[in-house]
Amino acid sequence: MLSRRIKTLFSQPYTAVTQLVVISRHLNDDQQMRDRDMSYLSTEAKRRHDVCIVGGGIVGLATARHLAIRHPSLKLAVLEKEVQLAHHQSGHNSGVLHAGIYYTPGSYKAKLCVEGFHAAYKYFDENDIPYNKCGKLVVATDPDEVTRLENLYERGLQNEVKDLRMIDGDNIRAIEPHCVGLKALHSPHTGIVDWGLVARSYGQNFVKMGGEVYTGFEVTDFRPTQQSEDQESSGIKYPVTIIGSKPVCNEETLQRDFHIHIQLAFIHFRIRQ
């Protein structure tokens, strides 16, 4: 049931979808935002949203941005427990833009890697994000490795890796004089980029499209909403409460929690094949 609802949200025109209320310590202090170099964050808490994504890494922000593009009428929010976006793995990795050489042909990993590879460069160019299309050599230094390299080459061809070629030792040195090998795969379009910067750019795009980003909001629990000022004859409009761990105001009813209301949660995952 949940998977069908998520699939419908991403593939069909909006008809009815999760709604939520946010009551949070939103970043609404101009000096605080300047200190954190996050001036693009929205500056007032609207308290009510249709869809909420928990986690301000690159997966959560890309999801939020995609929803904002496909469903501009929705009121969307991203919740991030840290004081800045992409604070963990999204901002601390090798920065490689993989062309799709290694994955099993026909797998989702192969398909999404190659499609995402081209889409990423297009996004970088459109949004003035610096990158280095430095290329990559995968080098075989003994006969056994040559056999494995040939298998990788076949995978790359099946995955339609752009301009992938097998080269010999002389051509290896022409590309990288300090590298010695029998043969190598040359992927000229493999590159490097600051993925943390990319994630924060997604956040900027999301906010410009009307989305809300709440940092310093660590989600600790989900509970049924007991009552709501938006309650309708058919029931509570925002039926699920998300609980955060920090105080946000002096209202007795909130005390030490901040709250949100939803029916559907987006959970980040890894594809395994």
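Observations on the structure shown:
- Label-to-label distance, nm, for residues given as Phe222 and Val96 (7 Å Cα→Cβ offset): 3.5
- Förster radius 35 Å - calculated FRET efficiency between Thr147 and Gln89, Cβ distance, rounded to 0.05: 0.55
- Values of log10 I(q)/I(0) for segment 62-200 across q = 0.17 Å⁻¹ run -1.02, by the Debye formula with one identical scatterer at each alpha carbon and no solvent.
- GluC sites (Glu not before Pro) restricted to DSSP loop in segment 143-211 with at most 16 other C-beta within 10 Å: Glu160
- In Hz, Karplus ³J(HN,Hα) per residue of segment 124-135 (6.51, -1.76, 1.60; θ = phi - 60°; x = Gly, Pro): 4, 5, 6, 10, 6, 8, x, 8, 10, 7, 7, x
- Of the cross-linked pairs Lys81/Lys162; Lys111/Lys133; Lys122/Lys208; Lys109/Lys183; Lys81/Lys208, those separated by over 29 Å at the C-alpha level are Lys81/Lys162.
- Rounded to the nearest Hz, the phi-derived 3J(HN,Hα) couplings of segment 71-77 under the Karplus curve 6.51 cos²θ - 1.76 cosθ + 1.60 (θ = phi - 60°) are 10, x, 7, 6, 9, 10, 9, where x marks glycine and proline.
- Seen from Asp163, the other residues with C-beta closer than 15 Å to its C-beta sum to a net charge of +3, counting Lys and Arg as +1 and Asp and Glu as -1.
- Remark on Val213: its backbone amide H falls under 5 Å from those of Ser42, Val78, a criterion applied only to residues 5 or more positions apart or on other chains, H modelled at 1.01 Å from N.
- Per-residue ³J(HN,Hα) for segment 83-97, Karplus 6.51 cos²θ - 1.76 cosθ + 1.60, θ = phi - 60°, Hz, x for Gly and Pro: 7, 9, 7, 6, 7, 9, 4, 4, x, 9, 8, 6, x, 6, 9
- Computed over segment 119-237, Kirkwood Rh from alpha-carbon pairs, angstrom: 19.1
- Cβ-derived FRET efficiency at R0 30 Å, Leu157 paired with Ile129, nearest 0.05: 0.55
Each value in this text was obtained by applying a stated rule to the coordinates, not by laboratory testing. Remember, predicted model here, so these are calculated numbers, not experimental data. Ideal geometry is used to build each Cβ from the backbone, glycine not excepted, and the neighbour counts take in all protein chains shown.
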